[in-house]
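Here the structure comes first, spelled out in structure tokens, and everything after it is commentary.
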Amino acid sequence: MPLSGCTMLCVLPLLLNTVLGFKLCPSHCLCYESSDLVDCRSRGLVLVPPSVPHGTWLLDLSGNKLTEVCTRSFIGLWSLKILLMSNNSIQTLQPQSLSSLEFLERLDLSFNQLRWLPQDFSQSLSSLQELRLDHNLLQHLDSASLGEFKNLRKLDLSYNRIRAMDVRAFSGLSRLSLLDLEGNKLNVLKDGLLSRQQSLEVLLLGHNNISAIETEALAPLRSLTLLGLQGNQLQHIRFKTFLKLQTTTTHLQMSSNPWTCDCELQRIFAKIHRVRHLLVYDYKDIICHAPAQQAGSSLASLDSQLCITETASVLVITITVMLAVIGALVKAEHNRKNKQAASDAESDGQEK
Ligand SMILES: *[C@@H]1O[C@H](CO)[C@@H](O)[C@H](O)[C@H]1NC(C)=O
């Protein structure tokens, strides 16, 4: 569709905007001058409209038909603090399309069709505090695209297709308090990924494909209050990994994983219970997947049963070992007596 081409349609309106943009309101939009709010919701727009008043602090473009955001689309909008573009069909953010928005605090790009983020995405958005990119088609996060969001507090990347993330993807986001990665395709939570997230309070990783959490992965998180791990592929966890969470109180969500309920798992959860600052929020809903005889039972309902067979086998082994030892001792004593008797008889014979 040639009409959506940036080069065709962006340049002229841009010029118009530069010349006339101070007082005009884009056609089809509603401009509320007293609050500098421009409402262009659901107007069938295919491009960011020109002539948005320069003093605008909130521009709402949600529910339109935007497929791309052109270079310098928002030029001159120095006062813009909130830009809402959810529920469009945006596939491309052209380089520098957001570069004039130095004071933008909230950007909503949710429910679009973004497959990747441009390398310079975070440049010049240094005031951004909240970024919504949920419900897009992102597959990979590299270290550059989120790099400069120094003031970002909330980052929503849920319901994308993220399979892999550069271990430094979040290394510039030291003020992050909420990171939502729910509904992606992550397999492993890697050491070092969250090394700069000392302020992170909420980490949502539910409904991924996580089967392993590396031992140091959670260690840097000093402020974490909620860790969502429900709906993953966890069969087992290590106590040490969770013990590394040096926080005041952290709620853990762990249900809907294919848990292998053995004595060790039961002990790990018992140990987690004893750590005062760790609370398994949905412990009652932790359902066993394996072994077959426990499948479908909740771990809580099995109480300490899983360790009974183990305790019993330990007992059997102990008793067996004890019996063997006693047997050996008895035999040794018997032999000693026999030898003694033999040597006594021998010395009697010599005396005679
Ligand atoms: C999910 O993880 C398993 C390993 O636990 C892997 O075999 C499988 O390919 C993963 N699926 C996806 C969609 O990544």
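Here the gap between N187 and L323, fully extended at 0.36 nm per residue and compared with their Cα-Cα distance, gives a gain of 44.0 nm.
Peptides 279-289, 218-228, ordered by how many other C-beta atoms sit within 10 Å of their residues on average, highest first, read 218-228, 279-289. Taking θ as phi - 60° and the Karplus parameters 6.51, -1.76 and 1.60, the scalar couplings of segment 75-86 work out to 4, x, 8, 5, 8, 5, 10, 10, 10, 10, 10, 6 Hz in sequence order, x denoting glycine and proline. Charges were assigned to the Cβ only: +1 to each Lys and Arg, -1 to each Asp and Glu. The resulting dipole of the chain about its Cα centre is roughly 180 debye. Note that segment 250-259 has calculated 3J(HN,Hα) couplings of 10, 8, 10, 10, 10, 6, 6, 10, x, 4 Hz, one per residue in order, obtained from phi through the Karplus relation 6.51 cos²θ - 1.76 cosθ + 1.60 (θ = phi - 60°); glycine and proline are x. Counting only DSSP H runs of at least 4 residues, each contributing -39500 (n - 2.57), and dividing by the residue count of the chain, the helix-based mean residue ellipticity at 222 nm comes to -7500 deg cm²/dmol.
Between the helical axis of 263-274 and the longest alpha-carbon principal axis of the chain there is an angle of about 60 degrees. Given their separation in residues at 0.36 nm each and the Cα-Cα distance between them, K337 and K65 gain 87.8 nm when the chain is fully extended. Could you tell me which of rounded, prolate or oblate describes segment 221-262, using a ≥ b ≥ c as the square roots of the eigenvalues of the alpha-carbon gyration tensor, with rounded for a/c under 1.5 and, failing that, prolate when a/b is larger than b/c and oblate otherwise? Taking the square roots of the gyration eigenvalues as a ≥ b ≥ c, segment 221-262 is oblate.
In this label model, V275 and S301 are separated by 2.8 nm, measuring between points 7 Å along each Cα→Cβ vector. Computed 3J(HN,Hα) for segment 295-311, one whole-Hz value per residue from the Karplus formula 6.51 cos²θ - 1.76 cosθ + 1.60 where θ = phi - 60°, is 4, x, 7, 7, 4, 5, 5, 7, 6, 9, 3, 4, 8, 5, 4, 5, 4, glycine and proline marked x. Dividing the Cα radius of gyration of segment 206-312 by its Kirkwood radius returns 0.96 for Rg/Rh.
Let me know the Kirkwood hydrodynamic radius for the chain, please, with Cα pairs as the basis and the value in Å to one decimal. It is 24.5 Å. Straight-distance candidates among the lysines for linking to K154, with alpha-carbon spacing under 28 Å and chain neighbours fewer than 8 residues away dropped: K65, K81, K185, K190, K244. FRET efficiency for T248 and I82, Cβ-Cβ distance as r, R0 = 25 Å, nearest 0.05? The calculated FRET efficiency here is 0.15.
Every number in this text was worked out from the coordinates using simple rules, so none of it is lab data. Only a predicted model underlies this, so the values are computations on that prediction, with no experimental measurement involved. When we count neighbours, we look across all protein chains shown, and the Cβ atoms used for this are built from the backbone with ideal geometry, even at glycine.
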